[in-house]
Each structure stands twice: as C-alpha cells, then as structure tokens.
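Take a look at the structure set out below.
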Amino acid sequence: RLRMHEQVTQTYMSFLGSILVDPGAFATGMKSKQPDFADLNDAQKAFFFSTMLGFFKHFEMMYVQYSQGVMDEETWNAWSTHIRMEFHQPGAQQWWKLRKEAFTPAFRKYLDASTAPEMRKFVDLLD
C-alpha cells in the first residue's frame, strides 16, 4: 500500500507541474463561471481542458483503487477531501458539465453527489 500511495502522490505532483506551462490560464479557468469559458482564448481553453482531463482522470483512478480495496480508507478520505475541493470550484463545475460523460458512471455519481469540504478552495486564494 505504501508503494501505491507513493505512486498516486508522484503522479499527482507531475500533473501539478503541468500547470506551470500557463498558470494564468489555469487560474482563470478555475475561476470561470462562464459556460463557454469566454474569459479564455482558444489556446488557453485547450490547455485548461486538457489539464482538467488529466487531473480528473487521475482522481477517477484513485476512486477505482479505493472502490476495489487497493487504497485504504484513511488515504482515500484525505484524497477525497482534496478531490471535492477541486471539483467544487466554479471553473471545475463548468468544465464538468461539458466533460462528465468521459468518466465512468460510478465516478460521475460520486462527484455529482459530493459536497464541498471545509477546506478553502484554490480560487479563494486568488485575486
């Protein structure tokens, strides 16, 4: 289980590095409340959408690992809090409406039924 935890964390950290390609586009995308992401240009939309797909496919894999008993409950609870924090940001909600069909029914059900955690959201820390 330690190896699985290390792998999950390392993979997530590599995704975080992708944000550095265009941190402004990612921040604007996460703050966006516009259904068509009009506050991003076409290149920024492509960057934001592909980055979000990578993050949420990773989150989906963690959900599968937990559901199949590969990930222990304590580890899942910590990651679940983070996943829900990311999911309940305005831009993530707008993106999810456009891309949720790319995910398994079980993962869609988990996210759609989720509530925002007490943890402050990324967008709350932005100007």
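The values are calculated or read from the model by the stated rules, or taken from the named source; none is laboratory data. All figures in this text were calculated on a predicted structure; none of them were measured in a lab. All Cβ positions, glycine included, derive from the backbone under ideal geometry; neighbour counts span all protein chains shown. Note: areas computed on protein heavy atoms with side chains; ligands, DNA, RNA excluded. Shrake-Rupley method; radii C 1.70, N 1.55, O 1.52, S 1.80 Å.
Note on Lys33/Asn77: beta-carbon distance plugged into 1/(1 + (r/R0)^6) with R0 of 30 Å gives a FRET efficiency of 0.55. Residue ranking by accessible heavy-atom surface, 1.4 Å probe, largest first, among Leu125, Leu16, Leu111 comes out as Leu125, Leu16, Leu111.
Per-residue extension of 0.36 nm, minus the Cα-Cα distance of Lys57 and Ala116, leaves a gain of 19.3 nm for this segment. The accessible surface of region 3-100, taken with every protein chain in place and a 1.4 Å probe, is 56 percent carbon and sulfur.
Relative contact order of the chain, taken over Cα pairs closer than 8 Å and 6 or more residues apart, is 30 percent. Restricted to Cα atoms, the chain shows a radius of gyration and a Dmax of 14.5, 43 angstrom. Note on the chain: GNM, Cα springs under 10 Å; of Glu74, Glu60, Glu86, the largest mean-square fluctuation is that of Glu74. Below 8 Å, C-alpha to C-alpha, sequence gap of six or more: please give me the relative contact order for region 69-127 in percent. Answer for region 69-127 is 49 percent.
With 0.36 nm allotted per residue and the present C-alpha distance subtracted, the Ser67-Thr11 stretch has 18.3 nm of extension available.
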